[in-house]
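Below is one structure; the comments refer to it alone.
Rule-based calculations on the coordinates, nothing more; no lab input. What you are looking at is a predicted structure, and each value in this text was computed from that prediction instead of being measured. As a convention, Cβ positions derive from the backbone with ideal geometry for all residues, glycine included, and neighbour counts pool all protein chains shown.
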Amino acid sequence: MRFIIKNNKLIMQKFFTEDSLKISQIPAIPQPPPDSNYPYNHDLQKLLTGKQFLLDDIPFQHDNLQDHYENGYITFRKGIDYNGKKPICTRCGNKDPQWFAVYPCARCGETCLYCRHCLMMGRISECTPLFGWNGPVPDTMLPLKIMDWQGTLSKGQQAASDKVVEAILNKQELLVWAVCVAGNEYIIFCVKNSTRFLRFRRGSRFALLTFEQWLV
Ligand SMILES: [Zn+2]
Ligand SMILES: [Zn+2]
């Protein structure tokens, strides 16, 4: 994708034009402030809040996204940024030159540098903008019934569960390392169901990562 700058705003270009630039060539990305009277799309809000997406991941029309940007609700971020002449992948943080490569890019019509390190999540290149949300966060509704597990944790599982709850309450990072079949899913259940955790959960956001995807 390429952009032109008009009235201190970026305009997405569907096709190559001589006066357009890759996003990595724009020194500072202009960001209009959110217009409180703008009727923003709530589905787009839910999709983008807290995330940085590629255009391919967003099922909305170009014009709609452009309109949201111009009214201050969408941010554009460089997929590949430069520290002097050294490229950095904004998504995965890769700075190692060995993990970058160049290719003739159909999207910007030029040779484009891309990150090989996070290629599995969709290609990030010099002409790739990452889309983010710049408006209010959506209201989250708690489900009336939360999945439960009636059981007792072992001593080790209980210690891990307590540590996770404690880390969440103290807004800290924590990595729990547990071998396969250590009962990781029971630990996650107990974290989720902890009353302290449920109280804390209202109005707060955090990341809980687990291999047990069906639990979250
Ligand atoms: Zn390109
Ligand atoms: Zn990357």
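General observations
- Modelled label reach - Asp43, point 7 Å along Cα→Cβ, the stretch 56-78 residues with backbone N closer than 14 Å: 58-62, 64-65
- Computed E for Gln25/Leu169 - FRET, C-beta separation, R0 41 angstrom, nearest 0.05: 0.35
- Remark: for residue pairs Lys9/Lys86; Lys51/Lys145; Lys9/Lys78, the C-alpha separation exceeds 25 Å in Lys9/Lys86; Lys51/Lys145.
- Taking each residue as 0.36 nm, the span from Trp177 to Gln66 lengthens on full extension beyond its C-alpha to C-alpha distance by 35.6 nm.
- Applied to the stretch 129-140, the Karplus parametrisation 6.51 cos²θ - 1.76 cosθ + 1.60 on θ = phi - 60° returns per-residue 3J(HN,Hα) values of x, 9, 9, x, 9, 10, x, x, 7, x, 5, 10 Hz, with x for Gly and Pro.
- For the chain, fraction of C-alpha pairs farther apart than 28 Å, in %: 47
- Report summary: the helix-based calculation at 222 nm, which adds -39500 (n - 2.57) for every DSSP H run with n ≥ 4 and divides by the residues of the chain, gives -6500 deg cm²/dmol.
- When each of the peptides 36-47, 67-78 is scored by how many other beta carbons lie within 10 Å of its residues on average, the order from highest to lowest is 67-78, 36-47.
- Maximal additional length on extending the Asp56-Lys145 stretch stands at 28.6 nm, based on 0.36 nm per residue less the C-alpha distance.
- Gaussian network model of the chain, springs between alpha carbon atoms under 10 Å - residue of Cys92, Cys118, Cys180 with greatest fluctuation: Cys180
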